[in-house]
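K.L.:
Structure below; questions to follow.
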Amino acid sequence: MKDGPDIALIAALIGDPARANMLTALMSGKALTATELAAEAGVTLQTASAHLAKLETGGLLQMRRQGRHKYASLASDQVAETLEALMGLAAGSGHLRSRTGPRDQALREARVCYDHLAGDMGILLYDRLLAQGWLRDDPEFPALTDRGADHLSTLGLDIPALQGARRPICRACLDWSERRSHLAGGLGQALLDMMLARGWARRLPDSRVIQFSPTGKTAFHRAFPALG
């Protein structure tokens, strides 16, 4: 037996269709009950509970009890980023769901990826931050520059708090729909939270879709302008 990480174990956990559907549902960033995840996976509650136990043991999700219910959520942003990358691999290989509709286009335009902005708007944000010199590019850990910290502070973000947190302030997350990077990490979450709090965009109920208003898009482009 070869030494090193057992990717076969993780692949087997994700590879089951019911478990894959559960994990995809948790990409919304919301904690869900076993009953809700059973509906997402199209299985019985008993079967869902068995799947959830395997995913928890495998370190892909965490369970916590609140009142009468137990809630499941992804174990970390690293799990979310791995799932997003696998979605990109599936899309690039032509493995797409057979039915598409308006919501699919809305997901491609803007959606939540665990706790940060993804889709076309997420990629645009990342590209603008790089173009303005507010981020230095890196395949995994882009770095916030001093100029970037100054600009984002003027938008009301608490940059010292983000820099002092245990979580990386910036991570590059491969977007499944475009297979280009968007911004994850503490800064990615803070930026999405700011946009939602200011009413630039809203999350559609029971969906990963982020919907920007016309005035919200104007505010976005003013805060993160293109060069020239």
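The values are calculated or read from the model by the stated rules, or taken from the named source; none is laboratory data. What you see is a predicted model; the values in this text were computed from it and never measured. Note that each Cβ is placed from the backbone with ideal geometry, even for glycine, and that neighbours are counted across all protein chains shown. Quick note on the areas: whole protein, heavy atoms, side chains included, nothing else; ligands and nucleic acids left out. Shrake-Rupley method; radii C 1.70, N 1.55, O 1.52, S 1.80 Å.
K.L.:
What is the dipole size for segment 3-58, taken about its Cα centre, with +1 at each Lys and Arg Cβ and -1 at each Asp and Glu Cβ, in debye to the nearest 20?
P.N.:
Its charge dipole is roughly 160 debye.
K.L.:
Just the projected area, averaged over all directions, of the convex hull on the alpha carbon atoms of segment 116-170: how many nm²?
P.N.:
3.9 nm²
K.L.:
Does segment 124-211 classify as rounded, prolate or oblate by the C-alpha gyration tensor (a ≥ b ≥ c root eigenvalues; a/c under 1.5 gives rounded; else a/b over b/c gives prolate, otherwise oblate)?
P.N.:
Note, shape of segment 124-211 comes out oblate.
K.L.:
Is it possible to state the helix-based mean residue ellipticity at 222 nm for the chain, with each DSSP H run of 4+ residues giving -39500 (n - 2.57), the sum divided by total residues, to the nearest 500 deg cm²/dmol? What is it? The partial results should precede the final answer.
P.N.:
Values: 11 runs with 114 residues, N = 228.
For the chain, the value works out to -15000 deg cm²/dmol.
K.L.:
Distances over 12 Å make up what percent of all Cα-Cα pairs in segment 150-199?
P.N.:
67 percent
K.L.:
Which values of log₁₀ I(q)/I(0), to two decimal places, follow from the Debye formula for segment 163-228 at q = 0.14, 0.22, 0.27 Å⁻¹ with a uniform point scatterer at every Cα?
P.N.:
Log-scaled intensity ratios, in q order: -0.53, -1.15, -1.22.
K.L.:
OK, next. Using a 1.4 Å probe, what is the accessible area per residue for the chain, in Å²?
P.N.:
54 Å²
K.L.:
Roughly to the nearest percent, how much of the accessible area of segment 144-209 is carbon and sulfur, given a 1.4 Å probe?
P.N.:
Details: 1550 of 3250 Å².
The nonpolar share, carbon plus sulfur, comes to 48 percent.
K.L.:
Something else about it: Write down the Å³ per residue value for the convex hull defined by the alpha carbon atoms of the chain.
P.N.:
Values: hull volume 36.4 nm³, N = 228.
Spread over its residues, the Cα hull of the chain gives 160 Å³ apiece.
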